[in-house]
1. Pairs of alpha-carbon atoms within less than 8 angstrom and 6+ residues apart define the contacts here; what relative contact order does the chain have, in percent?
2. At 0.36 nm per residue, and after removing the present C-alpha to C-alpha distance, how many nm does the segment from GLU42 to LYS7 gain when stretched out fully?
3. Is it possible to state the helix-based mean residue ellipticity at 222 nm for the chain, with each DSSP H run of 4+ residues giving -39500 (n - 2.57), the sum divided by total residues, to the nearest 500 deg cm²/dmol? What is it?
4. Which of [x] 51, 38, 22; [y] 34, 33, 23; [z] 44, 38, 22 is the computed Cα extents along the principal axes in Å for the structure on display?
5. Give me, ordered by chain and number, the residues 5 or more places off ILE33 or on other chains with an amide H under 5 Å from its own placed amide H.
6. Under 5 Å between amide H atoms, partner at least 5 residues away or on a different chain: which partners does THR10 have, H built in plane at 1.01 Å?
7. Among PHE73, PHE47, PHE22, whose mean-square fluctuation peaks in a Gaussian network model of the chain (Cα, cutoff 10 Å)?
8. How large is ³J(HN,Hα), in whole Hz, for each residue of the range 72-88 in order, when computed from phi with the Karplus curve 6.51 cos²θ - 1.76 cosθ + 1.60 and θ = phi - 60°, using x for Gly and Pro?
Amino acid sequence: MNTMTHKGYTARIAYDNDDELFTGRIAGIDDVIGFHGASVAELKAAFVEAVEDYIETCKKLGRKPQKTYSGQFVVRVEPDLHARAAIAAQAEGKSLNVWVSEAIAARQARV
């Protein structure tokens, strides 16, 4: 994955071959926050500066900075899959939430 994090914000990183720059954009919020750097060190510094500036600007405007994710989401699945997942979780002595969280984390670790 080409990402970096700071203060709970995650940015997607890309390399622009034409301009020979690393570019980044904070993911998971509606506000558009981008930054760039010619080296990894410059990119990291620009990212930290962008996050800090965003937080400070929100404070000055009297609004809360958006956070990337709440930790909750609704997933609609077929009833049969729901039943099989619930049974698998129960068989392992876990709640369905814990079982699904672990399954997502295990999948993410392989990516």
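Since every read-out is calculated from the coordinates, none of them should be taken as a lab result. Only a predicted model underlies this, so the values are computations on that prediction, with no experimental measurement involved. We place every Cβ from the backbone using ideal geometry, glycine too, and count neighbours over all the protein chains shown.
1. Values: 112 pairs, mean separation 18.2, N = 111.
Once normalised by length, the contact order is 16 percent.
2. Details: separation 35, 0.36 × 35 = 12.60 nm, distance 1.80 nm.
Contour length minus the Cα-Cα distance gives 10.8 nm.
3. Values: 3 runs with 50 residues, N = 111.
For the chain, the value works out to -15000 deg cm²/dmol.
4. From the options [x] 51, 38, 22; [y] 34, 33, 23; [z] 44, 38, 22, the structure gives [x].
5. ILE26
6. Amide H to amide H, under 5 Å and 5 or more residues apart or across chains, THR10 pairs with ALA27.
7. Maximum fluctuation in the GNM of the chain, among the listed residues, is at PHE73.
8. These are the phi-based 3J(HN,Hα) values: 10, 7, 9, 10, 9, 9, 4, x, 5, 5, 4, 5, 5, 5, 4, 5, 4 Hz.
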